[in-house]
Each structure stands twice: as structure tokens, then as C-alpha cells.
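Novice: One structure coming up, written as C-alpha cells, with questions to follow.
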Amino acid sequence: MKRIETDADILRAVESLVALDPRLQPVRDRAGDIPLRRTEPGFASLVSIVISQQVSRASADAIEARLHGLIDPLTPASIAAAGEAPLIVAGLSRAKQRTIVALARAVLEHGLDLETLCALEAEEAVDRLTAIHGIGPWTAQVYLLVCAGHPDVFPAGDVALQAAVADALSLPDRPDAKGLARLAESWAPLRAVAARLFWAYYRQMKGQEAAPLPR
């Protein structure tokens, strides 16, 4: 499995993707720059992704900045020692507070290794992550995409991807997560590259960034 590690990897993979599905050539033409979107694996990166669930980029950035101001460094041990009070002060929802605490416990008490997990096949890694309270497929898939450089994950629950694919392929309706996942099967084994492509297309379509960006 060839990881997506560099900008050159993306360029080569996008060429292969367009050859696989010629419908994507106009998408590529409009998308412009396709960012790598990589960051180091680990607890802080996964917490960042949890924070970004279902909120605007500006809101996620503000909450994360407050959290880092209250707990530094952001580690499972520091979360366990601090308790939920700083999570509340930072502005996290109750559901996200529970998720972050559950994630810290999974690392400390059950030996979850978020770095080693990145070397697993996508299906097994997603299964392990989604076993943690509050972590769903979107969070797990985005973690594998941005932290592991996995080439063949596609977070079909992402509303920006749903909107971008609907617009780019002139679909009559925006697909739901299941429908988009089925559609994305045709882009295997480069589904993560397709996700990067459609996030870039969305940026051009809407004039705003909606992709999960590493911080």
C-alpha cells in the first residue's frame, strides 16, 4: 500500500484517478491546488479531528486554541489529570467531552497505540477507532487520511464532499453517506485522493475551505 506522503504523490495519484474515471478531468481542471493534508499521528491530532466534527473551521480553531491554552501538552495523561473542567471551559460540547475522555482512557487503560494503528489496513483501523465511544466512521477515516496518509479511505459522511460530488457530477440530489460511499467505490484504490480532489473542488465552488486541515 503506497502511502500519500508528498505533493508529488498526489499529482501522480490524481493522474491515475482521472485515467480511472475520465469524469474527474473537469473536476481536476477546476479544483486548482490539491493540498497534501498531512499531520503527525497521535492523540493530539485525533483530538483535533474530534473537535472539528460538525462545526465551522473558525469555531474548531477557536475551541482548540482555548483547549491548548488550558492543557499543554495535550496528552492522554494530561486529560486524565485535568478532568472535564478544562474541556467545558474550552467550549466543547458534552458529547465531545465524553469522546475525548474515552479516547484518553483507551490509550491509558487499554493500550491503544494511535501511531501503530496507522500501519493497519483501513478496515481494521476504522473498526478499532469506532469501538471508542463517540468516534464514528468520519472521524476514523479522516484520521487515517491526514495522519496515516492512507490512500484508500473516503469519509463519505462529510457534507462538503457530498455537496462537491453532487455538483461536479451533476447529480439530481446530494448523496447521503451510504450513497456516496457506493459511488466512491469506483475510485478505489485511490479514494483518499478523490476526497482531496473534491475538497479542493468544494473550495473553488464555495469560496471557503471545508476540508479537515491539520493544525
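The values are calculated or read from the model by the stated rules, or taken from the named source; none is laboratory data. Please read all numbers here as calculations on a predicted model, not as lab measurements. When we count neighbours, we look across all protein chains shown, and the Cβ atoms used for this are built from the backbone with ideal geometry, even at glycine.
Novice: Would you confirm whether or not segment 21-38 contains a residue that is of a type in the set (Val, Ile, Thr), in contact (Cβ under 8 Å) with a residue 40 or more places away in the chain and either crowded, with 17+ Cβ neighbours inside 10 Å or more than 25 Å from residue 157 (Cβ to Cβ) (or both)?
Specialist: Within segment 21-38 (the criterion being of a type in the set (Val, Ile, Thr), in contact (Cβ under 8 Å) with a residue 40 or more places away in the chain and either crowded, with 17+ Cβ neighbours inside 10 Å or more than 25 Å from residue 157 (Cβ to Cβ) (or both)), the answer is yes, since at least one residue qualifies.
Novice: Pairs needed: first member in segment 186-215, touching a residue at least 60 places away in the same chain (Cβ under 8 Å); second member anywhere, among the aromatic types (Phe, Trp, Tyr) and surrounded by 14 or more Cβ atoms within 10 Å (Cβ to Cβ); C-beta distance under 7 Å; at least 6 residues apart or different chains.
Specialist: As it stands, the answer is 192/154; 194/154; 194/187; 210/199; 210/202; 211/199, since those pairs meet every condition given.
Novice: Being in the same structural domain as residue 138 (by TED's automatic domain parsing) and within 20 Å of residue 155 (Cα to Cα) narrows it down to one of 89, 47, so name that one.
Specialist: Selected residue: 47, the only one of 89, 47 that is in the same structural domain as residue 138 (by TED's automatic domain parsing) and within 20 Å of residue 155 (Cα to Cα).
Novice: Might you check whether a residue that is outside any helix (DSSP H, G or I), crowded, with 18+ Cβ neighbours inside 10 Å and touching a residue at least 60 places away in the same chain (Cβ under 8 Å) occurs anywhere in segment 104-121?
Specialist: Looking through segment 104-121, at least one residue is outside any helix (DSSP H, G or I), crowded, with 18+ Cβ neighbours inside 10 Å and touching a residue at least 60 places away in the same chain (Cβ under 8 Å).
Novice: Check whether at least one residue in segment 57-77 is among the small types (Gly, Ala, Ser), surrounded by fewer than 20 Cβ atoms within 10 Å (Cβ to Cβ) and touching a helix residue (DSSP H, G or I) at 6+ places or on another chain (Cβ under 6 Å), and report yes or no.
Specialist: Residues of segment 57-77 among the small types (Gly, Ala, Ser): 58-60, 62, 65, 69, 77.
Those still in the list that are surrounded by fewer than 20 Cβ atoms within 10 Å (Cβ to Cβ) too: 58-59, 62, 65, 69, 77.
Right, trim to touching a helix residue (DSSP H, G or I) at 6+ places or on another chain (Cβ under 6 Å) and you get none.
The answer is no; no qualifying residue exists.
Novice: While we're on this one: Mind telling me which of the residues 127, 167 ends up being under 24 Å from residue 96 (Cα atoms), in a helix (DSSP H, G or I) and of a type in the set (D, E, K, R)?
Specialist: 127
Novice: Another one. Among the residues of segment 111-163, count how many are outside the structural domain of residue 99 (by TED's automatic domain parsing) and either more than 16 Å from residue 37 (Cα to Cα) or in contact with a His (Cβ under 8 Å, 6 or more places away or on another chain) (or both).
Specialist: Residues flagged as outside the structural domain of residue 99 (by TED's automatic domain parsing) and either more than 16 Å from residue 37 (Cα to Cα) or in contact with a His (Cβ under 8 Å, 6 or more places away or on another chain) (or both) within segment 111-163 amount to 5.
Novice: To continue, here is another question. Is it true that some residue in segment 186-199 is within 18 Å of residue 25 (Cβ to Cβ), of a type in the set (A, V, I, L, M) and surrounded by fewer than 20 Cβ atoms within 10 Å (Cβ to Cβ)?
Specialist: No, that holds for no residue.
Novice: So, in segment 169-185, exactly how many residues are closer than 18 Å to residue 18 by Cβ and buried (at least 20 other Cβ atoms within 10 Å of the Cβ)?
Specialist: Qualifying residue count for the region: 1.
Novice: Scan segment 178-215 for residues that are more than 22 Å from residue 58 (Cβ to Cβ) and of a type in the set (Ser, Thr, Tyr) and report the count.
Specialist: Here the count works out to 1.
Novice: Can you report the number of residues in segment 130-156 which are more than 22 Å from residue 2 (Cα to Cα) and not in a helix (DSSP H, G or I)?
Specialist: Total meeting the criteria: 6.
Novice: Which numbered condition in (1) in contact with a helix residue (DSSP H, G or I) (Cβ under 7 Å, 6 or more places away or on another chain); (2) modelled with pLDDT of 95 or more; (3) outside the structural domain of residue 102 (by TED's automatic domain parsing); (4) under 30 Å from residue 110 (Cβ atoms) is the only one that residue 212 fails?
Specialist: Just one mismatch for residue 212, condition (2).
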